[in-house]
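Colleague: Quick one: structure below, then a few questions.
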Amino acid sequence: MIEMNKIKAVIFDLDGTLGNTLPLCISAFRKSIEPLIKRTLSDEEIIETFGPSEEGTIRALAPGYYEKGISKYLEFYSELHAMCPVPFEGIEDLLITLKNRSVRIAMVTGKGKHSTEISLKQFGLAEYFEAIETGISSGPRKAEGIQNILDLFKDIQKNEVIYVGDSPSDITASNKVGVPVVAAAWAETAEPEKLKKLNPDMLFDSIKDFADWLTSSI
């Protein structure tokens, strides 16, 4: 646990944190990959590949169809985004509050650049983020992404920044860099018990509770 000062910057994850996009990701992977490899994929098979960007998932599950797999994935990801048309209730209001109170806002996501752009456009949230770090196909890079944001926000101390994410890897990445981490357990896909075992600095299962705490900490 890290002792936090007054919060001056917030770094958000995307999937499962800003919106309920994980079911969308899984559906898009299934529709794009299964016809190529001619077999069905379980949710677990797909989720096990997460960490790298979607390009990494395509490489792991359909290595012989890399370019076509990526193209099809982005096509279906965009087409199916009606599954998740808006961010979680309360997220945009929170971003507006942070902006109005001069808190710096960034994003570090494991998603690839193109799917991140698709979701932020759909949600209408791109304008709130001063900087966005996306994933790469070769492996997880959230710790590196968080560090890049810290380098950008060089006038802000680590204990004045929080990272907000919904997965165990978000906690370990934040710990690696030395930034306080808030576990977001408000999505239907969240696994609170797994998050608690990693001792995040804070854990919230509702956006309202998180927003109330955050606005009192800035």
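The values are calculated or read from the model by the stated rules, or taken from the named source; none is laboratory data. What you are looking at is a predicted structure, and each value in this text was computed from that prediction instead of being measured. Here the Cβ is made from the backbone with ideal geometry for all residues, glycine too, and neighbour counts use every protein chain on show.
Colleague: In the stretch 121-135, is there at least one residue being closer than 21 Å to GLU55 by Cα and either hydroxyl-bearing (Ser, Thr, Tyr) or in contact (Cβ under 8 Å) with a residue 60 or more places away in the chain (or both)?
Modeller: Yes - at least one qualifying residue is present in the stretch 121-135.
Colleague: Moving to a separate point now. Would a scan of the stretch 32-46 turn up a residue that is of a type in the set (Val, Ile, Thr) and either within 18 Å of the chain's Cα centre (by Cα) or closer than 18 Å to SER167 by Cβ (or both)? Give the derivation first.
Modeller: Narrowing the stretch 32-46 to residues of a type in the set (Val, Ile, Thr): 33, 37, 40, 46.
The next check asks that each one be either within 18 Å of the chain's Cα centre (by Cα) or closer than 18 Å to SER167 by Cβ (or both); those that pass are 46.
Checked against the condition, which is being of a type in the set (Val, Ile, Thr) and either within 18 Å of the chain's Cα centre (by Cα) or closer than 18 Å to SER167 by Cβ (or both), the stretch 32-46 yields at least one hit.
Colleague: For ASP93, indicate whether it is in a loop (DSSP other than H, G, I, E, B), out of contact with any strand residue (DSSP E or B) (no Cβ under 9 Å at 6 or more places or on another chain), surrounded by fewer than 21 Cβ atoms within 10 Å (Cβ to Cβ) and in the same structural domain as THR189 (by TED's automatic domain parsing). Before the answer, list the steps.
Modeller: Details: in a loop (DSSP other than H, G, I, E, B): no; out of contact with any strand residue (DSSP E or B) (no Cβ under 9 Å at 6 or more places or on another chain): yes; surrounded by fewer than 21 Cβ atoms within 10 Å (Cβ to Cβ): yes; in the same structural domain as THR189 (by TED's automatic domain parsing): yes.
So ASP93 fails the test.
Colleague: Among the residues of the stretch 4-20, what is the count of those that are modelled with pLDDT of 95 or more and either charged (D, E, K, R) or in contact with a Pro (Cβ under 9 Å, 6 or more places away or on another chain) (or both)? Working first, answer last.
Modeller: In the first step, residues of the stretch 4-20 are kept if they are modelled with pLDDT of 95 or more; the result is 7-20.
The next check asks that each one be either charged (D, E, K, R) or in contact with a Pro (Cβ under 9 Å, 6 or more places away or on another chain) (or both); those that pass are 7-8, 13, 15, 18-20.
So the answer is 7.
Colleague: Here are some conditions: (1) modelled with pLDDT under 95; (2) surrounded by 18 or more Cβ atoms within 10 Å (Cβ to Cβ); (3) in a helix (DSSP H, G or I). GLU44 meets all but one. Which one does it not meet?
Modeller: The failed condition is (2).
Colleague: Something else now. Pick from LYS8, LYS38, LYS68: which is in contact with a strand residue (DSSP E or B) (Cβ under 7 Å, 6 or more places away or on another chain) and either among the charged types (D, E, K, R) or free of Cβ contacts under 8 Å to residues at least 24 places away in the same chain (or both)? Lay out the reasoning, then the answer.
Modeller: Values: LYS38 fails: in contact with a strand residue (DSSP E or B) (Cβ under 7 Å, 6 or more places away or on another chain); LYS68 fails: in contact with a strand residue (DSSP E or B) (Cβ under 7 Å, 6 or more places away or on another chain).
Just one listed residue meets the conditions, LYS8.
Colleague: Looking only at the stretch 1-16, count every residue that is buried (at least 17 other Cβ atoms within 10 Å of the Cβ), among the acidic types (Asp, Glu) and in a loop (DSSP other than H, G, I, E, B) and tell me the total.
Modeller: 1
Colleague: Right, another one. Hey, does the stretch 17-30 have a residue that's closer than 19 Å to GLU79 by Cβ, outside the structural domain of VAL164 (by TED's automatic domain parsing), surrounded by fewer than 16 Cβ atoms within 10 Å (Cβ to Cβ) and over 19 Å from the mean Cα position of the chain (by Cα)?
Modeller: no
Colleague: Checking the structure you have, find out if any residue of the stretch 92-103 is within 16 Å of the chain's Cα centre (by Cα) and of a type in the set (Lys, Arg). Spell out the reasoning first.
Modeller: Within the stretch 92-103, the subset within 16 Å of the chain's Cα centre (by Cα) is 92, 95.
Of the ones still in play, those that are also of a type in the set (Lys, Arg) are none.
No, because not a single residue in the stretch 92-103 is within 16 Å of the chain's Cα centre (by Cα) and of a type in the set (Lys, Arg).
Colleague: When the residues of the stretch 115-145 are narrowed to those that are of a type in the set (S, T, N, Q) and in contact with a Leu (Cβ under 7 Å, 6 or more places away or on another chain), which ends up nearest to GLY90 (Cα to Cα)?
Modeller: Taking the stretch 115-145 and keeping what is of a type in the set (S, T, N, Q), we get 115-116, 119, 122, 134, 137-138.
Those still in the list that are in contact with a Leu (Cβ under 7 Å, 6 or more places away or on another chain) too: 115-116, 119.
On the way: SER115: 22, THR116: 20, SER119: 17 Å.
It comes out as SER119.
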